[in-house]
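Engineer: Right, I'll just put the structure down here and ask away after.
The values are calculated or read from the model by the stated rules, or taken from the named source; none is laboratory data. Just so we're clear, the structure is a prediction, and the values are computed from it rather than from any experiment. Glycine gets a Cβ as well: all are built from the backbone with ideal geometry, and neighbour counts include every protein chain shown.
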Amino acid sequence: MILVFGKTGQVANELQRLGGLTILGREDADLSDPQTCADAICNHVPSAVINAAAYTAVDTAEEDEALATIINGDAPTAMAQSCAVLGIPLVHISTDYVFSGSGKTPWRPDDLTAPKNAYGRSKLAGENGIRASGAVHAILRTSWVVSAHRDNFVKTMMRLSETHESLSVVADQIGGPTPAKDIAMTSLQMAKQLIQDPSKSGSYHFSGAPDVSWADFAMVILTEAERNVSVTPIPTTDYPTLARRPLNSRMDCGATERAFLITRPDWRNGLKEILKELQEKL
């Protein structure tokens, strides 16, 4: 039995769809109380754990870093400590925000971390706690998560296209949009492989291909959705946010392919599925 933390997030929704997993929501284990997470693992005694729950409000984290750090740092650490005691693997979903976002070279798993915002610092705290626990683990860093669930860039573009003829979108932030469905399937595959081969324990990257700017991504979304809305590329400086965003979210996913035989998904295929699902919900 594989135990999943998270019920309402984008990846958690997709994990539920895969079936055959034991899903814990906030009512079962509240990440703001890390001990409940540790206890849940010990009570269920699973064969592996996937943590798909997190504090993901990037801008809000700037004003509530303490809570973000408990949820993204202390809770995964507590999970990992229980996994270490039981001798089972933990797959933990992390983020490219643990890096500085500088340069143009894709980030490798062993590159120096230097988060530029509170969210990134909180996620890095979780990574460090997991590594220190001694548990077998896969820290799976991803980027630009999209789906038909919750708030994300695809849904925002679709919503704005209903009332705007033109949209200004940042063009100097580059990364790989990643469908939540692909992250869910990858995290499950990693968990199963780690059960069989704990030597694969480590940090890995997984993002959609090809890398694009937010502006270029927006253009593809609107074209695929047949929305007659133009996109005006703008620099990040013209779209200020409370939390600093990385300009470079490119990720080198070679280690993931070598260890787990999992390749980068083409986000354009995932986008078509997402748009189809959103259309069916209308």
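Engineer: Considering region 255-275 alone, what residues qualify as being out of contact with any Pro (no Cβ under 9 Å at 6 or more places or on another chain), farther than 17 Å from Phe217 by Cα and part of a helix (DSSP H, G or I)?
Structural biologist: Glu257, Arg258, Ala259, Phe260 - these are the residues of region 255-275 that are out of contact with any Pro (no Cβ under 9 Å at 6 or more places or on another chain), farther than 17 Å from Phe217 by Cα and part of a helix (DSSP H, G or I).
Engineer: If a residue must be in a strand (DSSP E or B) and of a type in the set (A, V, I, L, M), how many such residues does region 125-151 contain?
Structural biologist: 5
Engineer: Separate question: For region 208-261, give me each residue that is out of contact with any helix residue (DSSP H, G or I) (no Cβ under 8 Å at 6 or more places or on another chain) and of a type in the set (Phe, Trp, Tyr).
Structural biologist: If the condition is that a residue be out of contact with any helix residue (DSSP H, G or I) (no Cβ under 8 Å at 6 or more places or on another chain) and of a type in the set (Phe, Trp, Tyr), then Tyr239 is the only one that fits.
Engineer: Sticking with this one: Within region 90-138, how many residues are of a type in the set (A, V, I, L, M, F, W, C) and closer than 22 Å to Asp197 by Cα?
Structural biologist: The total comes to 8.
Engineer: Return the residues of region 30-59 that are outside any loop (DSSP other than H, G, I, E, B) and either basic (Lys, Arg) or under 17 Å from the mean Cα position of the chain (by Cα) (or both); say none if nothing qualifies.
Structural biologist: Matches in region 30-59: Val49, Ile50, Asn51, Val58, Asp59.
Engineer: Which condition number in (1) surrounded by 15 or more Cβ atoms within 10 Å (Cβ to Cβ); (2) assigned to a helix (DSSP H, G or I); (3) over 16 Å from the mean Cα position of the chain (by Cα) is the one that Ile183 fails?
Structural biologist: (3)
Engineer: Name the residues in region 75-102 that are over 15 Å from Ala135 (Cα atoms) and part of a helix (DSSP H, G or I), would you?
Structural biologist: Listed by number, the residues that qualify are Asp96, Tyr97, Val98.
Engineer: I need every pair where a residue in region 150-161 that is under 16 Å from Leu282 (Cα atoms) and surrounded by fewer than 18 Cβ atoms within 10 Å (Cβ to Cβ) has its Cβ under 8 Å from the Cβ of a residue that is modelled with pLDDT of 95 or more and of a type in the set (Ser, Thr, Tyr), sequence separation at least 6 or different chains.
Structural biologist: none
Engineer: Basic (Lys, Arg) and either under 30 Å from Cys42 (Cα atoms) or buried (at least 18 other Cβ atoms within 10 Å of the Cβ) (or both): is that true of Lys104 in this structure?
Structural biologist: No; evaluated as a whole, the condition is false for this residue.
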